[in-house]
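J.: The structure's right below; bear with me while I get my questions together.
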Amino acid sequence: MRVDQPVAIQLADYTAPAFSVSRVELEFDLEPEFTLVTATQYLKRCDGGNDDLVLHGEELGLNSIRVNGRELREDQFTLTDELLTLSDLPDEFTLTIQNTINPAANTRLEGLYRSSTMYCTQCEAEGFRRITYFMDRPDVMTTYKVTIRADKETNPVLLSNGNNIENGELEGGRHYAVWEDPHAKPSYLFALVAGDLAKVEDTFTTKSGQDVTLRIFVEHGNETRCDYAMDSLKRSMRWDETRFDLEYDLNIFNIVAVSDFNMGAMENKSLNIFNDKYILADEKTGTDTDFDLIEGIVAHEYFHNWTGNRVTCRDWFQLSLKEGLTVFRDQEFSGDQRSHAVKRIEDVRMLRARQFPEDAGPLSHPVRPESYIEINNFYTATVYEKGAEVIRMMHTLLGEENFQKGMKLYFERHDGQAVTCDDFVAAMQDASGFDLTHFKLWYSQSGTPNVDVKSADYDQETQRYSLTLRQETKPTAGQASKQSLHIPLRVGLLGEAGEDQKCYLDGVEASEHLLHLKEEEQTFVFGNVVTKPVLSLNRGFTAPIHLKTGQSQAEMAFLMGNDHDSFNRWEAGQQYAAELLTKMVAEYQTGKDFSIDNDFVAAMGHIARNEDLEPAFKACALKLPSEEFVSEQMDLIDVDAIHAAREALRVAVATAHRAVFEEIYDHSTVHGVFEPTAEQAGLRDLRNTALAYMAAADANEAPALLKAHYEAADNMTDAVAGMRLITDYPGEMKKAVFDHFHDIWKDNAIVMDKWLGAQAISSHPDVLSDVKTLMDHPVFNFNNPNRLRALVGSFCIGNMVRFHAADGSGYNFLADIIIRLDKMNPQVSARLAGPLGQWKRFDEGRQIKMKSALQRVADVDGLSRDVFEVVSKSLV
Ligand code: B3K
Ligand code: ZN
């Protein structure tokens, strides 16, 4: 907590550390409220200068400092709230510092803290400085030897990074373990866990024949819920060997699941720590989405072993070096394991819902930011998801083979180093010979580019098709002027029967081409185009842009039914629907009746009846664009109009094709035992999508239909689908469903989050009072990030129409939460504040209310750096 104005850190101010650490030895004497830490560092001056040694340290009790064994007097060092400075040091010396910490009082969940009865750590980004005094920056890499001493009965399991080299008994019922990690690493990858934990064990043999012991540690009783996580881990390890030629580099890999965790998981070297919701699931408790996320996150953290741990970031501005690249890798993994088309659709949906608004709002920043106040605020959709898109574009430009050559060169050059995004791009460029100079602008320029089709002319006589594209990126927060980017766009020209026409571009004949849009305006001339084509541009979403093709509704309907590129087939439906919804919003605002476009309704019917479509894809194609996606397209967001228009279109599709949806529902049942496979998940998704339409077709019948569906459900996916739909219909039936679910699952917090979330997304006008009441319910716990995200997060992010209630009640509620939570857990508090920053997109009445909620937060004394940064930037 702070009273002084926090200062921003600038990328331009980067300087290399003045000292290097050749190794560090840590000793922990664990007690919940009084843990003693003894850290011995072996330091060496990097150049011949006389620089001070500046160590980070926060909320530590300092006992003693020794240089080469000799204790320093108080006048021989300077200590502030955040830094410990030592002067007049020799060129090479041993530094031993002893300090105390209080894990039980650590509610920020950064550093060493308690989660239920165990000890665990979270050091990224700057948590290590809450454990001991250290140069807590990623470019200080060293090897760690860790001794943990603790009460044996309550902490039979003692874990840290690397190999367990020694164990033994101590007096007073205590015991110890010594761990040594042979790989040099930055402090943010340090981890320690102690507690009474159950373990699940398996093995993996790497392609070169090394045996690796795999262990997942969980609270007792949860052992049977780790199978899918373990299986995902083994598949990830194999996949990284086959696709990236990357092998695991130790004989042990541990995962620990903890119930109090600020984010998803953490890739600490050989000791990954996970939010338990991304490990624990079985056929009774897990939804298909849960299994999908577990697979993706287990893979993501495992993949960090090379992209993040072996090669890490020089400074935190380079965060996307490891995050964007690792997200790209986990996306590719999930695509290879499941369906690339469906995975791409899900990823783009998420990019549009989270990254596009972020990039258009007050917190907009480039993939490689240039300044920050609190680095924890920069674990964003831009750094992660847009960062992954930037990697994907390089992959598109270079092709798989050259991309892999680039990866190889990157590891050859930089294994064991802390490097920059420039180093990564240089490896890609040097390995492939492809000039990425212009492309690199994607790292430093923020904002989502708009690409418009300015003209598209076909000349039957010459069989030429000329396409003129324009690009423009609007000014974003902190970046007024923009340049043209190098935008790769995959394109196909469809013929009358929906086939990809073979045609020429720049002398190359192909049925699909890659356009390199580099100028503000550029014309591409295709030759040998036999019939007037229908344009399919930005196939597979090759570039993360806003695209306006200006295509007619007939052309969109044609693409919906015929495009060979599944992504664009889906996209045509989304664009078509979004265009209609925008029109319907205008009708709502002028008090007119909605005009329903029958062609669209018919096109949806074609999709519903098409037996050739993969069920998972069909489910995606049948879902209307989300309210967030529609609001993304509008300058001024009118939540009520968007909600009403989307509902009207949904009801129209539902009513017109009710019989088809009933048929899908009846015929898409999964037979046999539940398995979290992509095939079964696709069928369940399709069936539940049909169910949503059946409910929409008849509001009176809906509660009984949904209750029956819920009661017949033999798996969590179907039960939750029923619960999330019936939540809109308050009454006896809704109550019966929620009570029943509660009675069965009240002791399983992860499952109960689904129950909290389903209530928070109700479109019923009284939902906020339900949310407030639920905050007093025994399953809710204000100190637990998962509970907060399930209830408060679902309401503020997942319930647009009610969070943005015109009376400002949603905003006031959120401001109260942010203020209360900031005192305990600033990182999570700052994250929740995001939606209020979107005020510029709303009408004047809401703008005033959102700003005053933000102001009320800003006025609080002693605000954390985290919340201060988000709120002050949001008010500009
Ligand atoms: N690297 C961690 C995120 C740490 C967040 C710190 N505020 C998880 C991941 O991206 O894999
Ligand atoms: Zn990551």
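J.: Working only within segment 287-343, note down all residues that are polar (S, T, N, Q), away from ligand 2 (no atom under 15 Å from the Cβ) and either on the phi > 0 side of the Ramachandran plot or not in a loop (DSSP other than H, G, I, E, B) (or both). Talk me through it step by step, then tell me what you get.
T.: Residues of segment 287-343 polar (S, T, N, Q): 287, 289, 305, 307, 309, 312, 318, 320, 326, 331, 334, 337, 339.
Right, trim to away from ligand 2 (no atom under 15 Å from the Cβ) and you get 287, 289, 337, 339.
Those that are polar (S, T, N, Q), away from ligand 2 (no atom under 15 Å from the Cβ) and either on the phi > 0 side of the Ramachandran plot or not in a loop (DSSP other than H, G, I, E, B) (or both): 289, 337.
J.: Still on this structure, I have one more. Does residue 296 count as modelled with pLDDT of 95 or more, surrounded by 20 or more Cβ atoms within 10 Å (Cβ to Cβ) and within 16 Å of ligand 1 (Cβ to nearest atom)? Reasoning before the result, please.
T.: Working: modelled with pLDDT of 95 or more: yes; surrounded by 20 or more Cβ atoms within 10 Å (Cβ to Cβ): yes; within 16 Å of ligand 1 (Cβ to nearest atom): yes.
So residue 296 passes the test.
J.: A further question follows. Tell me which residues, restricted to segment 42-60, are outside any loop (DSSP other than H, G, I, E, B) and closer than 10 Å to residue 133 by Cα. Lay out the reasoning, then the answer.
T.: Of segment 42-60, the ones outside any loop (DSSP other than H, G, I, E, B) are 42-45, 53-56.
Scanning segment 42-60 gives 54, 55, 56.
J.: While we're here: Quick one: which strands (runs of 3 or more DSSP E) sit completely within segment 510-553 and have at least 1 residues that are free of Cβ contacts under 8 Å to residues at least 24 places away in the same chain and not assigned by TED's automatic domain parsing to the domain that holds residue 460?
T.: In segment 510-553, there are no strands (runs of 3 or more DSSP E) which contain 1 or more residues that are free of Cβ contacts under 8 Å to residues at least 24 places away in the same chain and not assigned by TED's automatic domain parsing to the domain that holds residue 460.
J.: Consider residue 827 against the criteria (1) of a type outside the set (Gly, Ala, Ser); (2) crowded, with 16+ Cβ neighbours inside 10 Å; (3) away from ligand 2 (no atom under 16 Å from the Cβ): it satisfies all of them except one. Which criterion is unmet?
T.: Single failed check for residue 827: (3).
J.: On to the next question. Return the residue satisfying two criteria in turn: it lies in segment 830-876 and is part of a loop (DSSP other than H, G, I, E, B) and within 27 Å of the chain's Cα centre (by Cα), and of such residues it is modelled with the lowest pLDDT. It would help to see each step written out before you state the result.
T.: So the first thing to find is which residues in segment 830-876 are part of a loop (DSSP other than H, G, I, E, B), and the list is 833, 842-843, 859-864, 875-876.
With within 27 Å of the chain's Cα centre (by Cα) added as a condition, the list becomes 833, 842, 863-864, 875-876.
Numbers: 833: 97, 842: 98, 863: 97, 864: 98, 875: 98, 876: 94.
The extreme case among them is 876.
J.: Starting from residues that are in contact (Cβ under 8 Å) with a residue 40 or more places away in the chain and assigned to a loop (DSSP other than H, G, I, E, B), keep the ones in segment 412-440 and report whichever is surrounded by the most Cβ atoms within 10 Å (Cβ to Cβ).
T.: The qualifying residue surrounded by the most Cβ atoms within 10 Å (Cβ to Cβ) is 439.
J.: Something else about it: Please tell me if residue 389 is assigned to a helix (DSSP H, G or I), modelled with pLDDT of 95 or more, within 15 Å of ligand 1 (Cβ to nearest atom) and surrounded by 24 or more Cβ atoms within 10 Å (Cβ to Cβ).
T.: No.
J.: Identify, by number, the condition in (1) over 27 Å from the mean Cα position of the chain (by Cα); (2) assigned to a helix (DSSP H, G or I) that residue 699 doesn't meet.
T.: The number of the failed condition is (2).
J.: Also: For segment 256-273, give me each residue that is in a loop (DSSP other than H, G, I, E, B) and within 11 Å of ligand 1 (Cβ to nearest atom).
T.: Of everything in segment 256-273, those that are in a loop (DSSP other than H, G, I, E, B) and within 11 Å of ligand 1 (Cβ to nearest atom) turn out to be 261, 262, 263, 264, 267, 268.
J.: Taking the stated definitions as given, is residue 799 in contact with a helix residue (DSSP H, G or I) (Cβ under 9 Å, 6 or more places away or on another chain) and open to solvent by 60 Å² or more (accessible area, probe 1.4 Å)?
T.: no
J.: Find the residue count for segment 245-278, including only residues that are away from ligand 2 (no atom under 16 Å from the Cβ), over 12 Å from residue 212 (Cβ atoms) and out of contact with any strand residue (DSSP E or B) (no Cβ under 7 Å at 6 or more places or on another chain).
T.: The qualifying residues number 2.
J.: Right, something else. Does segment 702-719 hold any residues that are farther than 15 Å from residue 661 by Cβ and under 32 Å from the mean Cα position of the chain (by Cα), and which are they?
T.: Of the residues in segment 702-719, the ones farther than 15 Å from residue 661 by Cβ are 703-704, 707-708, 710-719.
Selection gives 710, 713, 714, 715, 716, 717, 718, 719.
J.: Restricting attention to segment 436-475, and to residues there that are in contact with a Lys or Arg (Cβ under 8 Å, 6 or more places away or on another chain) and β-branched (Val, Ile, Thr), which single residue is farthest from residue 527 (Cα to Cα)?
T.: Going through the qualifying residues, I end up with 473.
J.: Checking the condition within 17 Å of residue 273 (Cα to Cα), of a type in the set (Val, Ile, Thr) and open to solvent by 10 Å² or more (accessible area, probe 1.4 Å), which residue from 193, 256, 200 passes? Show your work before the answer.
T.: On the way: 193 fails: open to solvent by 10 Å² or more (accessible area, probe 1.4 Å); 256 fails: open to solvent by 10 Å² or more (accessible area, probe 1.4 Å).
Only one candidate passes the filter, namely 200.
J.: Considering 276, 249, which residue is within 25 Å of residue 163 (Cβ to Cβ), open to solvent by 10 Å² or more (accessible area, probe 1.4 Å), away from ligand 1 (no atom under 13 Å from the Cβ) and of a type in the set (Asp, Glu)?
T.: It is 249.
J.: Okay, next question. Would you mind listing the helices (runs of 4 or more DSSP H) fully within segment 730-789 where at least 1 residues are loosely packed, with under 14 Cβ neighbours inside 10 Å and free of Cβ contacts under 8 Å to residues at least 24 places away in the same chain?
T.: Result: 732-745, 767-774.
J.: Return the pair list, or none, for Cβ contacts closer than 6 Å from residues in segment 119-142 that are within 22 Å of residue 311 (Cα to Cα) and away from ligand 1 (no atom under 16 Å from the Cβ) to residues that are among the charged types (D, E, K, R) and open to solvent by 10 Å² or more (accessible area, probe 1.4 Å), at least 6 apart or on different chains.
T.: 139/314; 142/23
J.: To continue, here is another question. Quick one: in segment 76-92, of everything that is within 22 Å of residue 865 (Cα to Cα) and among the aliphatic types (A, V, I, L, M), which residue is least open to solvent (accessible area, probe 1.4 Å)?
T.: Within segment 76-92, the match that is least open to solvent (accessible area, probe 1.4 Å) is 84.
J.: If you don't mind, there's one more thing I want to ask. Within segment 359-386, can you find the residues that are assigned to a helix (DSSP H, G or I) and in contact with a Ser or Thr (Cβ under 9 Å, 6 or more places away or on another chain)?
T.: Going through segment 359-386, the residues assigned to a helix (DSSP H, G or I) turn out to be 359-360, 375-378, 381-386.
Correct list: 359, 360, 382, 383, 384, 386.
The values are calculated or read from the model by the stated rules, or taken from the named source; none is laboratory data. Just so it is clear, the model here is predicted, and its values are computed rather than measured. Every residue, glycine as well, gets a Cβ built from its backbone with ideal geometry; the counts of neighbours run over all protein chains shown. What goes into the accessible areas is simple: the full protein's heavy atoms, side chains included, and nothing from ligands, DNA or RNA. Shrake-Rupley method; radii C 1.70, N 1.55, O 1.52, S 1.80 Å.
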